[in-house]
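Worksheet: the structure to be examined is printed underneath.
All of the numbers you see were taken from the coordinates with simple rules; none came from a lab. Fair warning: this is a prediction, and the values are worked out from it, not measured in the lab. Here the Cβ positions follow ideal geometry from the backbone for every residue, glycine too, while neighbour counts run over all protein chains shown.
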Amino acid sequence: MRLKFTKMHGLGNDFMVIDGVTQNVELSAERIERWADRHFGIGFDQLLLVEPPTRPDRDFRYRIFNADGTEVENCGNGARCFARFVVDKKLIQADRVRVETAGGDLELKLLDDGQVVVDMGRPRLSPEKVPFNADQRQTLYPLTTADGTQLHIAAVNMGNPHCVIRVDQADTAPVEQLGPELEQDERFPQRVNVGFLQVINRQQARLRVFERGVGETLACGSGACAAMVAGVINDWFDHKVEMQLTGGSLLIEWPGTGNVLMTGPVETVFEGVVE
């Protein structure tokens, strides 16, 4: 079977996007992991699958698979690529797209300048909703690493679980050491994405993210939103922040209640066919 796909990226966070509306698609974790290999496959952080909706009030269903083949709930950079893909492929004739995901519904809007605004929904902060094992909700939770280092983390669900750590310098933060350790920390029963947040000022920040099932990526949209929420509830940020990731910047808006908005670019890299 020949399967058409599109390679896309949002700030270097790259995706293999497949149209499952007009094509029959059969996926397995083994096949996804093989395609994700950057030496022997196509190479990507996540695979995005466009499917027909299961509800009449949505335009599509949006599924996300990490490079290791595991299915996850949400991906902000992927959502922007998703919106551009369904419009470019003429699967919808609109500049607003309503999609359902395993992590909740998203509203996407394409702007005239090519950027995409994603309504990421409301953050979930109760420990049981992250999920995170804690007796009560706090803005920062104490956490001890394997070597005895004492950390204070924010735990936020933006359709998927995030742990946010404030650091003095993101570029020298121990991402490769702490990322894998915290991803597997027993207090996060569904594993977790780990963000290393440097607050530059109340309107600017630098962020690196170690994504579960992937490793460090050049950008993470849901991670940027989680970092924004952590910053607002701890009074580090105002309500609109330029979040500087390794691959570029996103504009994140959150007034402290309601839904988080993310605005950023998207690029199509190439079209291809796999057997």
Quick check on the chain: helices-only [θ] at 222 nm, where DSSP H runs of length 4 and up contribute -39,500 (n - 2.57) each and the sum goes over total residues. Nearest 500, please.
-4500 deg cm²/dmol
Using +1 at the Cβ of each Lys and Arg and -1 at the Cβ of each Asp and Glu in the chain, identify which of 42, 20, 130 lies farthest towards the dipole's positive end.
20
Rounded to the nearest 5, the percent of antiparallel DSSP beta bridges in the stretch 1-68 equals 70 percent
In the chain, how many lysine pairs have Cα atoms under 18 Å apart, counting only pairs 8 or more places apart or on different chains?
6
Quick check: pseudo-label points 7 Å beyond the Cα along Cα→Cβ at residue 57 and residue 171, how many nm apart are they?
4.7 nm
Loop sites in the stretch 1-37: trypsin sites (Lys or Arg not before Pro), DSSP, at most 10 other Cβ within 10 Å
2
Hull volume per residue for the stretch 127-258, using the convex hull of the C-alpha atoms, in Å³ is 98 Å³
Here the alpha-carbon Rg of the chain over 2.2 N^0.38 Å rounds to 0.96
Debye, to nearest 20: dipole size of the chain, +1 on Lys, Arg Cβ, -1 on Asp, Glu Cβ:
540 debye
Amide N of the stretch 251-275 lying under 15 Å from the label point, which is placed 7 angstrom from the Cα of residue 2 along Cα→Cβ
271-275
Can you compute the FRET efficiency between residue 88 and residue 29 using 1/(1 + (r/R0)^6), with r the Cβ-Cβ distance and R0 = 30 Å? Round to the nearest 0.05.
0.60
About the Cα centre of the stretch 127-258, what is the dipole size in debye to 20, counting +1 per Lys and Arg Cβ and -1 per Asp and Glu Cβ, all else neutral?
300 debye
Stretched out fully, how many nm does the piece from residue 37 to residue 105 gain, at 0.36 nm a residue minus the Cα gap?
21.5 nm
Among the stretch 199-222, those whose backbone N falls under 15 Å of a label point 7 Å along Cα→Cβ from residue 253 are none
Peptides 53-62, 8-17, 135-144, 249-258: what's the order by average Cβ count within 10 Å, highest mean first?
8-17, 249-258, 53-62, 135-144
